[in-house]
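To start, the structure under review is shown below, and the notes come after it.
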Amino acid sequence: MRIKCGLEDLGFLAIVLVGLLFSSCAAHPRRVAISGPAPAGAAELKITQSIIPPGKCGRPLHRPMRPTFITIHSTDNTSRSADALHHALAMNKGLRARHNRTGFLTWHFTVDDHSIYQSLPTNETGEHADYEGEGNRSSIGIEMCVNRGNNLDITIDRTAQLTARLMRQYGIPLNHVVPHMHWRMIRYSDGRDLGFKKCPRILLDGGRLGPKWSAFMAKVSF
């Protein structure tokens, strides 16, 4: 999912931090280990919870969900400051969006090469895939960071580990781990058909599923 800010690195960071000083939506991050058995070599995989408070910003409505899919995204935001922490901070401040029901973008987990932040409970609908479609209504959204200085190979590995754990935790089969482009996007505000978004870009080959996606899925199923 592309998040265009049009700001320089320091500007992006400053706006997020200043906004948090005055926002009632800010939550204190809490580091936890995700439940469920860990795959071999993944003992260090930790989750920092930075859950958006109920009724605030990206959670103005309580929309319960039983997750049956996992949707994989990449942010397309290459600003050096656009790591997992600052995407989590932005969602806590309120990451505005147009044409959807809540007026905000939200997803469940953000991953970079050294951290994972959780912004929504996994049993609650986010705004990350397809407006009011099955992608939002039934899937856990995971965003991979692509900011400058972030190691993409490690980010992809950590995303695969997180995905595998969530699959086991919720009984989600491998064929329900899908790229964002799996979901057809029908805009909520006016019903406009936006088609299928080419995301996650870092796991596509020429805008299509190919060897990169297959390699990611092999990591998930290892």
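Read the figures in this text as sums done on the coordinates, not as results from a lab. Since the structure is predicted, the reported quantities are computational estimates derived from the model, not experimental observations. When we count neighbours, we look across all protein chains shown, and the Cβ atoms used for this are built from the backbone with ideal geometry, even at glycine.
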**Bridge type composition, the range 31-221 - antiparallel percent by DSSP, nearest 5** = 45 percent
**Request:** Let me know the shape class of the range 31-221, please: from the alpha-carbon gyration tensor, a ≥ b ≥ c as square roots of the eigenvalues, rounded when a/c is under 1.5, otherwise prolate if a/b is greater than b/c, or oblate.
**Result:** rounded
**Asked** For 46, 197, what ranking results if the residue with the fewest other Cβ atoms within 10 Å of its Cβ goes first?
**Response** 46, 197
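Quick one: order 132, 127, 143 by neighbouring beta-carbon count within 10 Å, fewest to most.
Ordered by Cβ neighbours within 10 Å, fewest first: 132, 127, 143.
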**Message:** Which residues among the range 63-82 fall inside the zone where the amide N is under 12 Å from a point 7 Å beyond the Cα of residue 123, along Cα→Cβ?
**Reply:** 64-67
**Request:** Rank the residues 107, 183 as a footprinting-exposure proxy: fewest other Cβ atoms within 10 Å of their Cβ go first.
**Result:** 183, 107
